[in-house]
Amino acid sequence: MAGSKNILVYLMMLVCLLSACKDKAINDPHGRYNLQEKVFFSFFVEQPKTLDPAKSYGADENLFTAQIYEPPLQYHYLKRPYKLVPLTAAKLPEPKYYDASDQLISADDLRAKVAYSVYTISIKPGIFYQPHPALAKDEQGNYLYHNLTKQNLLHIDTLADFKKTGTRELIADDYIYEIKRLGSPSVQSPIAGFLSHYILGLKAYSKALSASRPKPVKGFFDLRQHKLEGVKKLDKYTLQISIKGKYPQFKFWLAMPFFAPIPWEADKFYSQRGLQKKNISFDWYPIGTGPYMIVENNPNRQIVMARNPNFHQEFYPSTGMPGDTAAGLLADANKPLPFVDRYVFSLDKESIPRWSKFLQGYYDKSGISSDSYDQAVQVDADGNLDVTPEFKAKGIRLTTSIEPSIFYLGINMLDPTIGGSSDSARKLRRAISIALDIEEYISIFLNGRGLSAQGPIPPGIFGFEAGAKGINPYVYQWQKDHIKRRSLQEAKQLLAQAGYPNGRNAKTGKPLIISYEATSTGSPDERAMYDWMRKQLAKLGIQLNVRVTNYNRFQEKLRSGNAQLFFWGWSADYPDPENFLFLLYGPNGKVKHGGENASNYSNPVYDQLFLKMKNMPDGEARQKIIDEMLAIVRKDAPWVWGFHPKTFVLSHQWNRVTKAHSLANNTLKYNKIDPNRRRQLQAQWNKPTFWPLWLLLIIIVAVLIPVIMRYRKKHHSPPEKY
């Protein structure tokens, strides 16, 4: 009987407790965090492979590394086209040019041959590293954790288990050490091969390290003892980097985490085998000077970054673009960064649970999957994209941006049917370019999240021109104030002029069959896309043979030139037109030279203009050459130009208005949230439904009362007399 009473008491206590939860949602998955604190909640889908700045190259890794490590330069948060500004550097480095006799050359002297360029980088004093055990010292100045024993490591499982931490000032040697790591064979940086063509002596340095490094490697291999010709220390805060020839785009590399500083002490610390066995390494535990530091790293569950207590002064920008003030983007001008105290990223692989948590207010921002698009986005009366009334009522905002990327339908210019420089082949390619309705593709398969490409250069990159001046006149025409695709009738006329009236060879009468190489992605839209492609060419009478294979086989077909049509893409490494126009430079052909020119396009005039353009500063003269290059490739049509993807991001009303930046990865420091408003709305949107509990309580009481009454009657009634 006591058990029945206890059940009633517990049920009543539970209902009262839940009824009392007015200020906080009871199903909050982040309940262990103080919601008054400025914590930003987000997710990651794929576990980072490495957080070592010398090796990391993926977007899922940059999400973390770019907030922790600081290269000398960064991109201005608000200005477009993208502009470099100093980060740890005191100013933007201006290269000086030298000839083979080490004589200084004027930058305006186009006749002189540049043997090498020198970049002098001055680091701001007073920048300190985050607290880290690698920098911890005792009272005598000796490092505490550089010679750990098995006994020392008995109770060490994560970096946080070390009781002491230390810090020190950032100096030029730290940048030099990282550049040496890029060339170290044991690090295996993915950009080592590329940079060896530019940084003086990097290739020879790598070979020398391979010869001198003991095998098997045991313990710390001090890179300070090995000289690298192209990198020199001038003083405590100044270093020089020497580049072969003239390579103006090198400045953009100075804004990537590859060129972030690494203290030698951290390399020595992480080289200890006992720590390596416990996976305590650069791969999982970065050490930087940035606004955030990792305080919890469980890649199977959660990664948490907290404010770096040693972060140097940095302020929100005070200048931007026209309209930024009206949009509220300059409301925090000159205020110290960062605004958020802590970032909590939870591993969340499934799109439906992620979406649900965003709608409940438990994730602060979200992308939009195809399945959720109609629920979130609509086209208003003026043809503009906006959130649906339901989302607008919740104060959810939509931010869109065009990525500095291009996805295109490549045409193998070595193919005897569709390739080549003949007038008939050119007209065949242009007919296909008109018939493939890219706007329809964007609408069907991308939910409108794309912009038709007019050439290889995306918006936001110098050389791109909008409006009538920037269209591809062979595929589009400008009517009044908008762009219009040329008619299918024009495409059919071009096809007939190419020798294939109605899709048949005029000489043999045989149908024109073109092969399209594809890789299987497992997407449910895959078959629909192939059918769409067939229908596009069928409008001209051309038969499309879709050949689906695995990615390795697909790559081999591109390398060997055994392809006619294929879908391919490129994203900017840095915001310079050279990074896109080189995709059509003849000596970069994939078949002959193993380069990134997957269509194997080659035009001597284009190639000469490319060499002239690539090292020029942005300006009217460079734009004129780019216009000439675009006119050539638009006429030759080695690509069906495809589209530039658009990114859609939803944010809740407690987020300050932000500006999308497709090249800068270190933008988390600009986010700002109102935790009180978030807490109120979370509680409002996630009100618990208590009536089932009350109903359950009534049922239990209704069942128990007769039982209790019978029990009391049996045990408390007077004994019967006989």
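Readers should treat all values here as calculations from the given coordinates under stated rules, not as data from a laboratory. These numbers were taken from a predicted model, which means no experiment stands behind them. Neighbour counts are summed over all protein chains in view; Cβ atoms, including those assigned to glycine, are modelled from backbone coordinates with ideal geometry.
What number comes out for the charge environment of W478, summing +1 per Lys or Arg and -1 per Asp or Glu over other residues with Cβ under 13 Å away? So the surrounding residues net to +3.
In terms of Cα atoms, the Rg and Dmax of the stretch 405-647 work out to 17.3, 53 Å.
Using Cβ point charges alone (K and R +1, D and E -1), the dipole size of the stretch 607-700 about the Cα centre works out to roughly 520 debye. Projected label points at Q151 and D481, each 7 Å from Cα along the beta carbon direction, are separated by 8.2 nanometres. Only one residue of I432, Y408, A306 has its Cα farthest out toward the positive end of the dipole of the chain, where Lys and Arg carry +1 and Asp and Glu -1 on Cβ, and that residue is A306.
Each Lys and Arg contributes +1 and each Asp and Glu -1, all at the Cβ; summed about the Cα centre of the chain, the dipole is approximately 1420 debye.
Measuring against 21 Å, Cα to Cα, the residue pairs K427/K624; K357/K659; K49/K277; K207/K227; K357/K669 contain K427/K624; K357/K659; K357/K669 as the ones spanning a longer distance.
Mean 1/r over all different Cα pairs, inverted: what Kirkwood radius does the stretch 316-376 give, in Å? Over the stretch 316-376, the inverse of the mean reciprocal pair distance is 14.6 Å. Based on C-alpha pairs under 8 angstrom that are at least 6 apart in sequence, the stretch 53-280 has a relative contact order of 28 percent. Taking 20 °C and 1.002 mPa s as conditions, the stretch 53-280 diffuses translationally at an estimated 112 µm²/s according to Stokes-Einstein applied to its Kirkwood radius (Cα pairs). Selection among L239, A90, P125 by position relative to the dipole of the stretch 53-280 gives L239 as farthest towards the positive end (Cβ unit charges, Cα centre).
Residues whose amide H lies under 5 Å from that of V377, counting only those 5 or more places away or on a different chain, are T388; hydrogens are built 1.01 Å from N in the peptide plane. Once backbone amide H atoms are built at 1.01 Å from N, K137 has L144 as its partners under 5 Å, excluding neighbours fewer than 5 places away on the same chain.
In the chain, helical runs assigned H by DSSP with n ≥ 4 each contribute -39500 (n - 2.57); averaged across all residues and rounded to the nearest 500, the mean residue ellipticity at 222 nm is -8500 deg cm²/dmol.
A simple rule links phi to the HN-Hα coupling: the Karplus curve 6.51 cos²θ - 1.76 cosθ + 1.60 with θ = phi - 60°, which for the stretch 113-122 gives 8, 7, 8, 7, 10, 10, 9, 9, 10, 9 Hz, with x for Gly and Pro.
Listed by chain and number, the aspartates and glutamates whose alpha-carbon sits under 12 Å from that of K335, ignoring those within fewer than 8 places in the same chain, are E314. Each of the peptides 38-44, 346-352 was scored by the mean count of other Cβ atoms within 10 Å over its residues; in descending order, highest first, they stand as 38-44, 346-352. Contact order for the stretch 56-95, expressed relative to its length and based on alpha carbon pairs under 8 Å spaced 6+ residues apart, stands at 29 percent.
Under the criterion of Cα pairs below 8 Å and six or more residues apart, the relative contact order for the chain equals 18 percent.
If you find the alpha carbon centre of the stretch 51-74 and of the stretch 282-299, how far apart are they in angstrom? Taking the Cα centre of each part, the stretch 51-74 and the stretch 282-299 sit 10 Å apart. Cα centroid separation, the stretch 302-354 to the stretch 150-207: 28 Å. Computed 3J(HN,Hα) for the stretch 475-485, one whole-Hz value per residue from the Karplus formula 6.51 cos²θ - 1.76 cosθ + 1.60 where θ = phi - 60°, is 10, 10, 9, 9, 10, 6, 10, 8, 8, 9, 5, glycine and proline marked x. With Cα atoms defining each centre, the stretch 482-530 and the stretch 89-104 are spaced 52 Å apart in the structure.
Only the Cβ atoms of Lys and Arg (+1) and of Asp and Glu (-1) were treated as charged; on that basis the dipole of the stretch 53-280 about its Cα centre amounts to roughly 480 debye. Is the chain best put as rounded, prolate or oblate by its Cα gyration tensor, with a ≥ b ≥ c the root eigenvalues, rounded for a/c under 1.5, and otherwise prolate when a/b is larger than b/c, oblate when not? Verdict is oblate for the chain.
Per-residue Karplus couplings for the stretch 344-355, computed as 6.51 cos²θ - 1.76 cosθ + 1.60 with θ equal to phi - 60°, are listed in order as 10, 10, 9, 5, 9, 7, 8, 5, 5, x, 4, 5 Hz, Gly and Pro entered as x. In terms of its C-alpha gyration tensor, the stretch 567-607 comes out oblate, because a/c is 1.5 or above while a/b does not outweigh b/c.
Protection proxy ranking for 171-178, 540-547, using the average of other Cβ atoms within 10 Å per residue and placing the highest first: 171-178, 540-547.
Highest mean first, the peptides 86-93, 556-563 sorted by other C-beta atoms within 10 Å per residue fall in the order 86-93, 556-563. Simple spin-label estimate for I513 and S210 gives 4.7 nm between the two label positions (7 Å along the Cα-to-Cβ direction from each Cα).
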